[in-house]
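Have a look at the structure below, then the notes.
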Amino acid sequence: MNFSHAAFVTLLWSYHPSVAFAFAPQSLPRTSSLLRLSSSPSNVVLNPTPIDENKEDSAKVFDSLIIGGCHVHRYKSTAFNTDDSEVNYVMWYHGRSAEQDKDENLPPLSTGRIGRATSKNGLVWEKDLVGSTDADIEGVALGINQESWWGFDTAHVGLGSVLLPMTTPAVMTEGGIYLMYYFGGSYEETKINQYTEKDMPDDLTIQGMNMKIGVAVSQDGETWGRVEGDDASGACMVAYNTDDPSTIDMAKQKDDDNKSDVQLTEEMYCAWPEVVVKIDEKNDSNSGFFMYYSTMTKADKQKCLGVAVSSDGFRWYKRGICLEPTPGEDSLDDGGVARCNVYRNAKFNDVDETWSDAPGYTMLYEGVSTVDNKHRILKATSPDGRTWTKQGIVLDLGSDENGGDWDCDGVGSPNVLRIDDGSERMYYVGQKGKETAIGQAKLEFESNTWVREQTSFVFADA
């Protein structure tokens, strides 16, 4: 028996409330290849593409219903720009169309397909309406896998992170090979009662929830090719399950540093991967890739963050759960932790306006409170990328006064970018009711407080 879409919306509210619901259509101008969007008089920088009732197939635009997490690169390259502005921004993000959401067998998440947008200042963005020639529909950078029916990503995909390994902490250099870490689900049916403590009929099933992680490569950041992982589904990372010997083989390989005592917990899925390059100048063999991913433990259905390591970015070995909810009435993440952004620490020299590496790592992550079931952005720090210490909240909900801000019901999916003036910019997903958008906040140089950076622009033809 398949699940009731309406009933599962209620269930998912406590599961991933910041990415699960519909967007009220509006009308915006379009061009043949690019759509330039302004923000409203707030800190919103990207909205779903509104449905135009006068245009055929408008509901099939991949982000016509809702948008989710994003990852932004900032380039400083004369060759990359066409107007000598020296700096350009590229955003990859995922969204779901109103047409795709009609499939009531899929969970009501924001995942569907992955798109791309560009900007000259990081505030006004142009969506790429053409997309990759290899994608399954127009305007998509990475679509649903239609070439391998057995693939893990045949029903929906979502964005994790995009990596260009040879970079500085502040500015990405043009050229090289991009790695996109994404996740997806297939039409495989699993029982709903695996994901909730609620009393659900044993024969009630859902598709697309056995999510796995994959990797794609690109030479230009526009056209992507999937890389076959070690799993039979093509994934490079799957949930650890002792009932499946292949997941044990993929996880319990030789310890990456010959010292780790690997203690693995059985998982329900692997999704929202965040990958960071680890650099150990004193020990090259201890350098490589870290992946942090969202999961749910099989035994107690607790939403946690797991970690895996890799020497090449393609073959991954699990190292267990790295961040768990903190119980207690005063906790802001007792209901679960998920969707993080991890980056190496850096220090800014305000004399020559340059960033340089500093010891340790910072993690911004979503925490959900059982008091109000709302997501907030919290912080943790680590000296080595393995052991994390929670530091508290960095971005709370928007105000709910006078009708409420656009992000008054949830904030999450953070992505931080460093700027030449020593400030840092955070892109994040906000929610009000059933509507979501991507906004941004700013951390000024030598400040400890993130502030929503207000922007106000008018529409202009591309």
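List the residues whose amide H sits under 5 Å from the amide H of Asn345, counting only those 5 or more places along or on another chain, with H placed 1.01 Å from N in the peptide plane.
Ala358, Gly360, Tyr361, Thr362
Residue by residue through segment 237-246, what is 3J(HN,Hα) from phi via Karplus (6.51 cos²θ - 1.76 cosθ + 1.60, θ = phi - 60°)? Round to whole Hz and write x for glycine and proline.
After applying 6.51 cos²θ - 1.76 cosθ + 1.60, I find 8, 10, 5, 6, 9, 5, 7, 10, x, 5 Hz.
Using θ = phi - 60° and the Karplus form 6.51 cos²θ - 1.76 cosθ + 1.60, what ³J(HN,Hα) does each residue of segment 362-377 get, whole Hz, x for Gly and Pro?
Per-residue couplings from phi come out as 10, 10, 9, 9, 8, x, 10, 8, 6, 5, 10, 6, 10, 8, 9, 9 Hz.
Using modelled amide H (1.01 Å from N, peptide plane; none on Pro or chain starts), what sits under 5 Å from the amide H of Cys408, excluding residues fewer than 5 places away?
Gly398, Gln431
Can you put Lys60, Lys379, Lys282 in order of Cβ neighbours within 10 angstrom, beginning with the fewest?
Values: Lys60 15, Lys379 19, Lys282 6.
Least to most surrounded, the residues fall as Lys282, Lys60, Lys379.
Assuming R0 = 51 Å, what is the FRET efficiency of Thr190 and Asp400, from their Cβ-Cβ distance, to the nearest 0.05?
0.90
Name the residues whose placed amide hydrogens come within less than 5 Å of the amide hydrogen of Ser287, ignoring near sequence neighbours (fewer than 5 apart) on the same chain.
Correct list: Asp280.
Residue by residue through segment 191-197, what is 3J(HN,Hα) from phi via Karplus (6.51 cos²θ - 1.76 cosθ + 1.60, θ = phi - 60°)? Round to whole Hz and write x for glycine and proline.
So the Karplus estimates, Gly and Pro as x, are 7, 5, 5, 6, 9, 8, 7 Hz.
Can you sort Arg376, Arg113 by how many other beta carbons sit within 10 Å, fewest first?
Ascending number of Cβ neighbours within 10 Å: Arg376, Arg113.
Tell me whether segment 277-405 comes out rounded, prolate or oblate; compute the Cα gyration tensor, take square roots of the eigenvalues as a ≥ b ≥ c, and use a/c under 1.5 as the rounded threshold.
In terms of gyration-tensor shape, oblate.
Taken together, the values in this text are just the output of simple stated rules run on the coordinates, not laboratory data. A quick note: this is a predicted structure, and the numbers were derived from the prediction, not measured. In this analysis, Cβ positions are derived from the backbone assuming ideal geometry, glycine residues included, and neighbour counts consider all displayed protein chains.
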